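The block underneath contains the structure these notes are about, expressed in structure tokens.
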Amino acid sequence: MKCWICGNPADTREHIIKQSDIRRLFGRGPYQKGNRLKRMDQNQTRKLIQSEDSVHIKYPKNLCKHCNSARSQPWDKAYDEFMEYILRNESELKRTRKVGFKDVVHSDTSRFTTSLYSYFVKAFGCQLQENGQTPPLELSEFLLDKGDNTNLLITFAIYESMPKNSASPMVQIHPLEGDVENVTKKPLNYNWAVSIEWFTIIFWFNKVPAVELGSPFSGKTGNIDIGSYKERENS
Ligand SMILES: [Zn+2]
């Protein structure tokens, strides 16, 4: 397998859910019986995650070492800072439903938001590849500084229909969905989401985000509105 970002041989695994998210929310593993983290996927199958190094939260090898470390380090760091801010300010964010990036980092906000967006581009490309889809070239070009923007928009929403009966903390990887062109069957767009406890990150590729799911983020500074995510009934 080749690294989908740069084309070199892929020899490392990217986390589906970042190890730091797992540690921040649930502490360090191994997790005790009865207190194991659950991952739910599209088939509603639950996988118990016994430590933050579990293969259930990693992709198959899909990135080269350079892209998965040096190149993506600033992106990962921005994401960590963002999630720390989000989880630390849970009650305020649930009330105001707004994030101002200058409250997350106090200097060089524009570099921060570009890095944060790059993290989401990387995460989304890895998810496409996991689902047997070819990540569109514009994603890797953006990450390699060969392009200024992509058709990927991110929105953030409170996970209103979070299963409440779960005794253990939960991360949920929602199904990748999309439309294909009638004749050629080529993919036209994609939609994907990840919930980390009450906070849901929604990915829109070539699609206009639904207004109630938050205002779109494309790496630019400013404020974003946090939307409201309710899972649809299974169709
Ligand atoms: Zn690479």
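Some notes on this structure:
- For the pair K94 and S69, label points projected 7 Å from Cα toward Cβ lie 4.0 nm apart.
- Contour excess over end-to-end distance, with Cα ends at E160 and E84 and 0.36 nm allotted per residue: 25.3 nm
- Across the range 103-118, computed HN-Hα scalar couplings (Karplus, 6.51 cos²θ - 1.76 cosθ + 1.60, θ = phi - 60°) run 7, 7, 10, 8, 9, 6, 4, 6, 5, 4, 5, 5, 5, 4, 4, 4 Hz from first to last residue, x flagging Gly and Pro.
- Within the shell of other residues whose beta carbon sits under 9 angstrom from the beta carbon of Y229, the net charge comes to -2, with Lys and Arg scored +1 and Asp and Glu -1.
- In terms of accessible area, using a 1.4 Å probe and ignoring ligands and nucleic acids, R13, R111 rank largest first as R111, R13.
- Using 0.36 nm per residue and subtracting the Cα-Cα separation, the extra length available between R111 and N206 on full extension is 31.8 nm.
- Whole-Å distance, taken between Cα centres, linking the range 85-138 and the range 181-215: 14 Å
- The 1.4 Å probe gives accessible areas that order D108, D148, largest first, as D148, D108.
The values are calculated or read from the model by the stated rules, or taken from the named source; none is laboratory data. All values derive from a computational prediction rather than experimental measurement. Glycine gets a Cβ as well: all are built from the backbone with ideal geometry, and neighbour counts include every protein chain shown. Side chains are part of the model used for accessible areas, which takes the heavy atoms of the whole protein and leaves out ligands, DNA and RNA. Shrake-Rupley method; radii C 1.70, N 1.55, O 1.52, S 1.80 Å.
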